[in-house]
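J.: This structure is in structure tokens; I'll ask about it shortly.
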Amino acid sequence: MKSLLLKRLWKVDAMTSGTPSRLTGDYYTSRFSPMSVESAADGDTLILNIGPQHPATHGVLRLIVEMDGEYVKRCEPVLGYIHRMHEKMGEVKTWQQYLPNMGRVDYLHALAWNWAYVGAVEKLMGLRVPPRAEYIRVITCELNRISSHLLWWGAYLLDLGAFTPIVYAFADRERLMDILQIVTGSRLTYCYYRFGGVSADIDDTFIQMTREFLADFKKRLPMYHDLVTENMILRGRCEDIGVMSVEMARRYGATGPVLRGSGMAYDVRKTEPYSVYDRFDFDIPIGKNGDAMDRYDVRMAEMSQSIRIIGQALDMLPEGPHISPDLPERIIPPKGEVYFAVEGARGKIGMYVLSDGTPKPYRIKLRAPGFSNLHVFAELARGTILADALSILGSLDLVIPEIDR
């Protein structure tokens, strides 16, 4: 039994003449103590791989799980599959060339990352953004937030075994992609914001389509709640599952709906206001128990709050240029360093930029909320059954490429 287990754990690499591969067998035994391998060999526990290509891991996340029957004894995320080198690429591209990278860090809320980067550079340069551009950024970023939450909603329920909701979610999401395509020219990895504003102004068609979507989506959300939220099967899979206290969330640096689901009303748009968010009336939804159901409810409520913000921004939209008339032809910020943060769909996005006064950044550091939110999973999953562990994983709303370490 022991030799059979080791054969499964230690893939033999033919190129190394029978030596266990460092990224397979040696990796397991170095990160999981030899005791766990021995106990697994005796039949007490089982080492299980979830991913790196698995529907429930949403991309290339790999989880090494030690199982004791149906219960998770230990779990560890493996991050080696998800490096994208975005921070390093920032050192070899000009300030303008680095803009498209942001849409690849989080492809579901690309505009929030786009905003974090241009906001940091504008802060470093002391560049003023025209009021109209600020409102356009709010409108488009909140539309993108709803789109992100819709995909999470459909995919999460698919993880739990319900197929119908993702069909409804994608129907609404397609409308949002049509709207955003008008001004961005893209349907997913948006690169719309520019230093000093946005690349193109919004027109009457965009405004009309947005207002029509908001009116229709207000009617759709109650239907979503009737279809899913009040469903006893969903509540059985989410209530009292993955309970996370505020102290645990803060210990891991979790932010966004994951933190707010535990009852802490921390939202960068309110606590560290940027742009024109302080001019809008909206609430910060929070949970009470910190379980998967609370994280679900927070995201559903956030879509309603985004509708409120977009409606106010459209009503208050000022006239004027969509990009700063003082924008220099070449972007070369002065020497210095800045930190700028925005609220993304998955939490706080931080952008640290260091300039040495040349056409290329000297250093860029990304604060990706998914990185912190993922690591809380190892503690939350411990002691749960495997089905509940997957419910917890989905409730964290992970977009794996944003974890760039």
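The values are calculated or read from the model by the stated rules, or taken from the named source; none is laboratory data. Keep in mind that this is a model prediction, so the values were computed, not measured. Here the Cβ positions follow ideal geometry from the backbone for every residue, glycine too, while neighbour counts run over all protein chains shown. Heads up: the accessible areas ignore ligands, DNA and RNA and are worked out on the full protein's heavy atoms, side chains in. Shrake-Rupley method; radii C 1.70, N 1.55, O 1.52, S 1.80 Å.
J.: Can you flag which of 73/348; 123/348; 93/348; 123/288; 93/123 are past 29 Å Cα-Cα?
T.: 73/348; 123/288
J.: Taking all pairs of different Cα atoms in region 268-381, averaging 1/r and flipping that mean, what Kirkwood radius in angstroms comes out?
T.: It works out to 17.5 Å.
J.: Within the set of other residues whose C-beta is less than 15 Å from the C-beta of residue 358, count the net charge using Lys and Arg as +1 and Asp and Glu as -1.
T.: Charge balance in the 15 Å sphere: +2.
J.: Then there's this: Which whole-number percent of Cα pairs in region 63-108 have a distance greater than 16 Å?
T.: Tail of the P(r) past 16 Å holds 58 percent of the pairs.
J.: Counting only heavy atoms of the protein chains, get the accessible area per residue of region 197-248 (1.4 Å probe) and round it to a whole Å² value.
T.: In whole numbers, region 197-248 has 55 Å² accessible per residue.
J.: If you don't mind, there's one more thing I want to ask. Would you mind calculating the gained length between residue 337 and residue 363 on full extension (0.36 nm times residue separation, minus the Cα-Cα distance), in nm to one decimal?
T.: Stretched out fully, the residue 337 to residue 363 stretch lengthens by 8.4 nm.
J.: Once whole DSSP H runs in the chain are found, which of them have Cα atoms spread over 20 Å or more along the helix axis and a mean Kyte-Doolittle score of at least -1.0?
T.: 110-125, 131-159, 164-184, 204-224, 292-316
J.: Let me ask another. What size of dipole, in debye to the nearest 20, comes out for the chain about its Cα centre when the only charges are +1 on Lys and Arg C-beta atoms and -1 on Asp and Glu C-beta atoms?
T.: 1000 debye
J.: In whole Hz, with x marking every Gly and Pro, tabulate ³J(HN,Hα) for region 366-372 from phi via Karplus 6.51 cos²θ - 1.76 cosθ + 1.60, θ = phi - 60°.
T.: Those phi angles translate into 9, 9, 8, x, x, 5, 6 Hz.
J.: Between 358, 401, 324, whose Cα lies farthest towards the positive end of the dipole of region 284-405 when Lys and Arg beta carbons carry +1 and Asp and Glu beta carbons carry -1, centred on the Cα centre?
T.: Towards the positive end, the residue furthest out is 358.
J.: Shifting gears a bit: When the Cα atoms of the chain are enclosed in a convex hull and the volume is divided per residue, what value in Å³ results?
T.: So the per-residue Cα hull volume is 149 Å³.
J.: Per the helix-only calculation at 222 nm, which mean residue ellipticity applies to the chain, given -39500 (n - 2.57) for every DSSP H run of n ≥ 4 and division by its residues, nearest 500 deg cm²/dmol?
T.: Helix-only estimate at 222 nm: -14000 deg cm²/dmol.
J.: Along the charge dipole of region 181-267, Cβ charges K/R +1 and D/E -1, which of 223, 196, 256 sits furthest on the positive end?
T.: 256
J.: Mind checking the dipole of region 317-405: about its Cα centre, +1 per Lys or Arg Cβ, -1 per Asp or Glu Cβ, Debye to the nearest 20?
T.: 360 debye
J.: Counting other C-beta atoms within 10 Å, and keeping those with at most 16, which DSSP coil GluC sites (Glu not before Pro) do you find in region 301-405?
T.: Sites meeting the loop and neighbour criteria: 319, 329.
J.: Then there is this: With a 1.4 Å probe and every protein chain kept in, tell me what percent of the accessible surface of the chain is carbon plus sulfur.
T.: The C+S portion of the solvent-accessible surface of the chain is 55 percent.
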